[in-house]
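Written below as structure tokens is the structure these notes are about.
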Amino acid sequence: MKNFKRLFLVAVAVVAMSLSASAGGLKWGVKAGVALNNIHFSEEILNDFTNNDNQAGFTGGLMVEFTVPVVNLGFDASLMYVHRDAIEDGLGNKMNRDYIEIPINLKYKLGLPVVGNVVTPYIFAGPSFAFKMGKSEIEDFIKSQKCDIALNLGLGVELFNHLQLSGSYSFGMTKAVEYLGATVNEAGIEGKNRYWTITAAYLF
């Protein structure tokens, strides 16, 4: 709870600075979308035992973007709440996971002549830091880690200099969950996040 309050205060500060900034390359706004999550375990037998392919979730939060004029290169950062319905064991028990996620991306906008003020494609990449909130029902044998780091690769399009539609694929760089196992030999099997995120953002 303390970490959540700190993150919330950071978000408020970012928005306040964005509102007071006069630089034309700085924007802020709201973002929401869907997340399709998959857990990939290091042992294939556990992938067969669990039903975790393309589990649907949702995300929403705040976003800030800075773009250097002329070169169209910049970055964006977001503070997002993410709900992932990611794991179901062979008995039908589900493991719902909720995160506060902070993706930070390097972004390049492809300036187009004539239609640049209407349609601007862009590509982006960068790390994402997710901090788990709460505890799920089946953590007696599958334990979620408190922090998950992933690498995002994505593309999108900006419409009328305000609306951004994007899709990205994220590769888990650290273990997101750990199978505790019924025996010593089964313990310690790692699972990493793999997920698609499709979002819409409106920037002011």
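Please treat every number below as a calculation from the coordinates, not as lab data. Keep in mind that this is a model prediction, so the values were computed, not measured. Reconstructed Cβ throughout: ideal geometry from the backbone, glycine too, with neighbour counts over all protein chains shown.
Mind ordering 161-172, 189-200 by average Cβ neighbours within 10 Å, highest first? Before the final figure, lay out each step's value.
Values: 161-172: 17.3, 189-200: 20.1.
So the peptides 161-172, 189-200, ranked by packing, come out 189-200, 161-172.
If I model a spin label at PHE129 and VAL34 as a point 7 Å from the Cα along the Cα→Cβ vector, what separation in nanometres do I get?
Result for the modelled spin labels: 3.0 nm.
Which distance in nm do the two modelled labels at VAL70 and PHE58 give, with both placed 7 Å along the Cα-to-Cβ direction?
4.4
Which far-off residues, 5 or more places away or on another chain, put their amide H under 5 Å from the one on LEU110, with H placed in the peptide plane?
Counting only residues 5 or more places away or on other chains, the set is TYR122, ILE123.
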